[in-house]
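Engineer: Here it is, the structure, as structure tokens.
No value in this document is a laboratory result; all are computed from the given coordinates. Everything numeric here is computed off the predicted structure, so don't read it as measured data. With ideal geometry, Cβ positions are generated from the backbone for all residues, glycine too; neighbour counts draw on all protein chains shown.
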Number of protein chains: 2
Amino acid sequence: MISQYAADETHRWVAAFSEALDARDAASAAALFGDECFWRDLAAFTWNVKTMEGGDEIAAMLAAQLDSVGPTVWRVEGEPTFAGGVLEAWLKFETKLARGRSILRLKDGRAWTLLTAIEELKGFEERKGPSRPMGVEHGIYRREKTWLEAKRGEEETLGTGRQPYCVVIGGGQGGIALGARLKQLNVPTIILEKNARAGDSWRNRYRSLVLHDPVWYDHLPYIPFPENWPVFTPKDKLGDWLEMYATVMELNYWGSSEAVRAAYDDDKKEWTVEVSRDGGRATLKPKQLVFATGAYGPPNVISLPGLENFKGQYFHSSRYKTGAPYADKDCIVIGANSSAHDMAADLWEYGGRVTMLQRSPTTVVRSETLMELGFEPLYSEGALEKRITTDKADLIFAATPFRLMPHTQVPIYKEVRRRDAPFYTRLAMSGFQVDFGQDESGLMMKAFRTGSGYYIDVGASDLIAKGHIPVRSGVEIRHVNERSVELTDGSELPADLIVMATGFQSMNRAVAPIISEDVADKVGKCWGLGSGVPGDPGPWEGEPRNMWKPTQQPGLWFHGGNLHLSRHYSLVLALQIKARMEGLPTPVFGLQKSHHTR
Amino acid sequence: MISQYAADETHRWVAAFSEALDARDAASAAALFGDECFWRDLAAFTWNVKTMEGGDEIAAMLAAQLDSVGPTVWRVEGEPTFAGGVLEAWLKFETKLARGRSILRLKDGRAWTLLTAIEELKGFEERKGPSRPMGVEHGIYRREKTWLEAKRGEEETLGTGRQPYCVVIGGGQGGIALGARLKQLNVPTIILEKNARAGDSWRNRYRSLVLHDPVWYDHLPYIPFPENWPVFTPKDKLGDWLEMYATVMELNYWGSSEAVRAAYDDDKKEWTVEVSRDGGRATLKPKQLVFATGAYGPPNVISLPGLENFKGQYFHSSRYKTGAPYADKDCIVIGANSSAHDMAADLWEYGGRVTMLQRSPTTVVRSETLMELGFEPLYSEGALEKRITTDKADLIFAATPFRLMPHTQVPIYKEVRRRDAPFYTRLAMSGFQVDFGQDESGLMMKAFRTGSGYYIDVGASDLIAKGHIPVRSGVEIRHVNERSVELTDGSELPADLIVMATGFQSMNRAVAPIISEDVADKVGKCWGLGSGVPGDPGPWEGEPRNMWKPTQQPGLWFHGGNLHLSRHYSLVLALQIKARMEGLPTPVFGLQKSHHTR
């Protein structure tokens, strides 16, 4: 009965919606949405990553885009479901240029949320499965190039004889996933990586690092991790995987290469990128330039009075490798987020005497609990049993607009606190300050808002609770002496090592030294939603700033994030780039303004 | 109606069969089989790869094995089907030690064929999916090894401090697939490969080589080729894949390493293997030694009268690299099978004047036709759409006993000839002699019987038909002169190059120089079924000789074949080895006798 109701309601709504769109009637289409409503679009309607909030914004978007986009053929996929007053249906649709998938949620017969996500461009479909390449044209021809000869030919000429259409700065998981998508779309691309080999950006990090996200969340496109892959991937194993991935996906991956300077020619609509490659120089002339330099910008190095006279060692967490040299040494870790925890634990493992200086409260969640309450529904063996594949999980996750996301998180963290109450009590008794964000929405919202302020506990919290790693909370360093630090509460701690786990600047600051301060300021801060919490000033923007979508600088893009985001949004970004390469019309709706330069 | 009939019949038969087995009543169980009947077992009942033919052999096997094997719990998987008078059902079963899968085919209510295949050992299940390893034990401990440190520790100690349980000689697809299975089963294993890197055995072959089998047939275990992989894999691309596979599967892969000598100690039940590694020496003491040196043994070099005075170049096809040096040269290719065709075509591509000397008729099938008629039902996109996954396809293929296999092939080749009649006419007019085997069963039976005598046409036949590559059929070289060859028909051909595409000796001959002639003779010829056709002398053996099963030499095994066989039988062989390592009882039924030494 419920399923018949859900099917009927869905068909009724989709029919009315189709009709309104066919009639190019933006107002009628918008009227099918409820009083509270959201349309999140991933490059299918807006050629942007954009959430329209409320009927007016939806109507405005449709009025601007309907003619050029020309949506058609809405089909319901599978069986709509109805639970808790919300009807959910999966749809497929087409536009003049593309095919897409959609998740529709109805309340009382009107749309509450709608996701529209581009999946492929018509006429430029990826060759896979039944349309995979043959690998060889049968028939023997003289002077035919083998696969290897063709590949070497491309490697030798791309970037010298022939120019890439796209250059990606940064060859971590972001650059690699995007590079793989672009390769499949036949977009000539060069990836620049400052380390020698793909995977080194992980290998070079501190020895004990293991992914805190589970395997089901971490797949790359095209080649998922195999069934025997561990739940939490050790950094060097991930490094090996990325290296093999870049090879077998046949990426043009330039190791030991850095973009030194880049400038955009507004007339030619083309970049000139000066590259230092293996000590030599190269000049690239791509039309599109992507920064995939990690989720963060340059290290946020704080100034500490007296540091110049310090006789010990000090560095930013990004330069941390191992605790081995610090056995029996007095170590100060400034900060109390993920890397601060990992490094404090690593120093302790090697026999260092570590003190953690917590500057502000931290959201801590035990890994087991997060796995069960956070990841289980979408990214787990259980989800796979329910046929929620990685692709589906990504779409389901993307279907909730950022405005509503905190509401989905608050109940999770209520349960987290209830379940792990003894853990939080022990942690609090050690002096460590825990919070769950201003609105109690927890870890993931902190990640999207500020990219900091949290730790998924894989053991360090226990060391803190036991007093193995003493914590000084709510204090700062007032002055650094030769072999000690004075805190703002007047106390003094001996110090042979100071690690500043003080975070990173915004990603756009990485643009400044390569392109210019002007362009870095023009595109503005990356990441953050404009939620108004400290570190994420308003106005509300509704989407991560600058990520995977057009910016205020033509031809400049940002890509990155964890493996999940790198996987999913690499498709959205790759299709935007491919459409431009093929000269398809890509009218951008609602190009974001820049409100903050850092 | 049919499906109900099929389900009822299956349940009736399985219930009676279970009851007979539970009662340890071999005669009653055998009586459930028809007059013509076959039970093919892959290490589940016989600890052997064995086909019992007829009720008497089945009864004898059960009488010998029932008590120790202790089969239980037969369950029907999915829906049995009924077509053409044959009812087919998939079963799962357990024994005391193992779990297995089975395909049952009934005719008139009695078993016609039964396949029983081991899938896993109880208590030694591979950790995958829901039981995959965590990758990290949560909690921070002092002196804990990271993944990398543990891996390096194993690499440094295995084969020096700690001895491997198993040594695999040969690191092509066979050794790699087996190594991956053994790794997952925690069997300490070292793979010896004479080339520097995994994949080199493919990279080092002639430049134009591309797999003649399609991608769906070629997957390795654990990590299937991705959806964008080409249908026919170029050799260097396969090389890269194998190399990454060996790395990410964490195999102990010793490149630039060769087994120089190996001797078995009957008392210790242990091998001593002298290894040349990177120019140095190592001594390994494994309990099990596997030859995975390719489907073939050493090259079959024929003696040609007068060759000592030849002023041109000559070599066996295994040493062929490229036709580049032979532009405008007179080239003689002796042989007319796969490699002869590929090399003749390669020489022609480079502008050589090639003549092919066909010594006996060849089975030629156009690749497109073979894809459609041969591979499509089990290994294709179409098969995947019907949910015939690679694992299922392998079992379906394995379910037909070798005695019946020719009957399944004859109709295919009737259709091949009908469909490609113009092609065969053109080929015949060029003087090329085509056959389809003594019993018209075609290419695959030739592969299983003699491993030679066929070519999957990817273009060279067209060059022959057009006269670009002239063929001399039914002749041999009578004498080699300084710059020419005289044929047995009295004619003379100019010659700057002679390539002997004259095949390979049996795999057991590779044993002789490493272990001894005695052991090579004792284990006898590998491959071939005893079909009685030339090159595969009787008596009928019913299974490929010596492959993936115990041999007359304790602790000595053979593994290999194309990617399909390497994938599927690596599991069967790995579980036999694992069972021995764990000290499980593995009474072998019907250990094959050796009838031929080469």
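Engineer: Specify whether the C-alpha gyration tensor of the stretch B:388-530 places it in the rounded, prolate or oblate class, a ≥ b ≥ c being the square roots of the eigenvalues: rounded for a/c under 1.5, otherwise prolate if a/b is larger than b/c and oblate if not.
Structural biologist: oblate
Engineer: If you don't mind, there's one more thing I want to ask. DSSP beta bridges in chain B, what fraction antiparallel, as a percent rounded to 5?
Structural biologist: Taking every DSSP beta bridge within chain B, about 55 percent pair in antiparallel fashion.
Engineer: A follow-up question, please. Using the Karplus curve 6.51 cos²θ - 1.76 cosθ + 1.60 with θ = phi - 60°, what ³J(HN,Hα) values do you get for each residue of the stretch A:269-276, in whole Hz, with x for Gly and Pro?
Structural biologist: Ordered by residue, 3J(HN,Hα) equals 6, 8, 8, 10, 10, 8, 10, 8 Hz.
Engineer: Can you give the relative contact order of chain B as a percent, counting alpha carbon pairs under 8 Å and 6+ residues apart?
Structural biologist: Taking the mean separation of contacting Cα pairs over the length of chain B, I get 16 percent.
Engineer: Oh, and also: Ordered by residue, what ³J(HN,Hα) values in Hz, to whole numbers, does the stretch A:31-44 give under the Karplus form 6.51 cos²θ - 1.76 cosθ + 1.60, where θ = phi - 60° and Gly and Pro are x?
Structural biologist: So the Karplus estimates, Gly and Pro as x, are 5, 7, 8, x, 5, 9, 7, 9, 10, 9, 10, 10, 6, 8 Hz.
Engineer: Please list, in chain and number order, the residues 5+ apart from B:E119 or on another chain whose amide H is under 5 Å from its amide H, with Hs placed from the backbone.
Structural biologist: B:R99, B:G100, B:R101
Engineer: Across 5 Å bins from the origin, how do the percents of Cα pairs in the stretch B:277-418 run, short distances first?
Structural biologist: Over the stretch B:277-418, the share of Cα pairs per 5 Å bin runs 2, 7, 10, 12, 13, 12, 12, 12, 11, 7, 2, 0, 0 percent.
Engineer: What residues from the stretch A:565-579 fall in the zone where the backbone N is under 18 Å from a label point 7 Å along the Cα-to-C-beta line of A:D391?
Structural biologist: Answer for this model: A:565-576.
Engineer: Next up: To the nearest Å, what is the center-to-center distance of the stretch B:571-592 and the stretch B:114-163, using C-alpha atoms only?
Structural biologist: 21 Å
Engineer: Follow-up. Put a label point 7 Å from Cα along the Cβ direction on B:G161, then list its distances to the equivalent points in the other copies in nm, shortest first.
Structural biologist: Here B:G161 shows inter-copy label distances of 5.2 nm.
Engineer: Rg/Rh for chain B to two decimals, with Rh computed the Kirkwood way over all alpha-carbon pairs.
Structural biologist: With Rh from the inverse mean 1/r over Cα pairs, Rg/Rh is 0.98.
Engineer: Long-range amide H contacts for B:V364: which residues qualify at under 5 Å (H placed 1.01 Å from N, peptide plane, sequence gap of 5 or more or a different chain)?
Structural biologist: Excluding prolines and chain starts, which carry no amide H, the hits are B:D435, B:Y455.
Engineer: Something else: So who's got an amide H within less than 5 Å of the one on A:T113, skipping anything under 5 residues away but keeping other chains? H placed 1.01 Å off N, in plane.
Structural biologist: Amide H neighbours of A:T113, under 5 Å, 5+ apart: A:F38, A:R105.
Engineer: Express the C-alpha Rg of the stretch A:504-547 as a ratio against the empirical globular expectation 2.2 N^0.38 Å, rounded to two decimals.
Structural biologist: Here the answer is 1.17, to two decimals.
Engineer: A further question on this structure: Using the alpha carbon gyration tensor of the stretch A:240-339, what are the three equivalent-ellipsoid semi-axes (square root of 5 times each eigenvalue), largest first, in whole Å?
Structural biologist: 37, 20, 14
Engineer: Also, I was wondering about something else. Can you give the direction-averaged projected area of the convex hull of the alpha-carbon atoms in the stretch A:95-177, in nm²?
Structural biologist: Over every viewing direction, the Cα hull of the stretch A:95-177 projects on average to 10.4 nm².
Engineer: Rounded to the nearest 0.05, what FRET efficiency do A:E274 and A:E582 give with R0 = 35 Å and r taken as the Cβ-Cβ distance? Could you check?
Structural biologist: Calculated value: 0.80.
Engineer: Any idea how far the Cα center of the stretch B:254-274 sits from the one of the stretch A:326-371, in Å?
Structural biologist: Cα centres, the stretch B:254-274 to the stretch A:326-371: 50 Å.
Engineer: Let me ask another. Could you identify the residue of A sitting closest to the A-B rotation axis by Cβ and state that distance rounded to whole angstrom?
Structural biologist: In chain A, the Cβ lying nearest the symmetry axis toward B is A:M244, 2.
Engineer: Next question. So for the protein assembly as shown: antiparallel DSSP bridges make up what percent, rounded to the nearest 5?
Structural biologist: Counting only bridges with both partners in the protein assembly as shown, antiparallel ones make up about 55 percent.
Engineer: Restricting to Cα pairs below 8 Å that are 6+ residues apart, what does the relative contact order work out to for the stretch B:104-247? Please round to a whole percent.
Structural biologist: Relative contact order comes out at 18 percent.
Engineer: Would you mind calculating the relative contact order of the stretch A:504-598 from Cα pairs under 8 angstrom and at least 6 residues apart, reporting the percent as a whole number?
Structural biologist: Relative CO of the stretch A:504-598 lands at 29 percent.
Engineer: Tell me the distances, shortest first, between B:G382 and the same position across the other copies, using label points 7 Å along Cα→Cβ, in nm to one decimal.
Structural biologist: Here B:G382 shows inter-copy label distances of 4.2 nm.
Engineer: What gaps in nm, shortest first, separate B:H596 from its twins in the other copies when you place the label 7 Å past Cα toward the beta carbon?
Structural biologist: When each copy's label point is compared with this one, the spacings are 7.9 nm.
Engineer: Could you tell me what % of all Cα pairs in the stretch A:469-578 have separations over 22 Å?
Structural biologist: Percent of Cα pairs beyond 22 Å in the stretch A:469-578: 53.
Engineer: Can you work out the Karplus-derived ³J(HN,Hα) for every residue in the stretch A:175-181? Use 6.51 cos²θ - 1.76 cosθ + 1.60 with θ = phi - 60°, whole Hz, and x for glycine or proline.
Structural biologist: After applying 6.51 cos²θ - 1.76 cosθ + 1.60, I find x, 5, 5, 5, x, 5, 4 Hz.
Engineer: A further question on this structure: How would you classify the stretch A:29-151 from its alpha-carbon gyration tensor, with a ≥ b ≥ c the square roots of the eigenvalues: rounded for a/c under 1.5, else prolate if a/b is greater than b/c, otherwise oblate?
Structural biologist: Note, shape of the stretch A:29-151 comes out prolate.
Engineer: Another question about this same structure. Shape call for the stretch B:69-139 from the C-alpha gyration tensor, a ≥ b ≥ c root eigenvalues: rounded (a/c under 1.5), prolate (a/b greater than b/c) or oblate?
Structural biologist: Here the stretch B:69-139 falls in the prolate category.
Engineer: Averaging over all projection directions, find the projected area of the Cα convex hull of the stretch B:168-318 and quote it in nm² with one decimal place.
Structural biologist: Mean orientational projected area (the stretch B:168-318, Cα hull): 12.1 nm².
Engineer: Nearest 5 percent is fine: what portion of the DSSP beta bridges confined to the stretch A:128-255 is antiparallel?
Structural biologist: For the stretch A:128-255, the DSSP antiparallel bridge percentage is about 10.
Engineer: Just the projected area, averaged over all directions, of the convex hull on the alpha carbon atoms of the stretch A:1-50: how many nm²?
Structural biologist: Mean orientational projected area (the stretch A:1-50, Cα hull): 4.4 nm².
Engineer: In the stretch A:164-240, what is the volume of the convex hull around the alpha carbon atoms, normalised per residue and reported in Å³?
Structural biologist: Per-residue hull volume (Cα only) is 89 Å³.
Engineer: So if we plug the beta-carbon distance of A:D439 and A:T283 into 1/(1 + (r/R0)^6) with R0 = 56 Å, what FRET efficiency do we get, rounded to 0.05?
Structural biologist: Efficiency at R0 = 56 Å is approximately 0.70.
Engineer: While we're on this one: How large are Rg and Dmax for the protein assembly as shown when calculated on the C-alpha trace, in angstrom?
Structural biologist: Radius of gyration, then largest Cα-Cα span, for the protein assembly as shown: 33.6, 108 Å.
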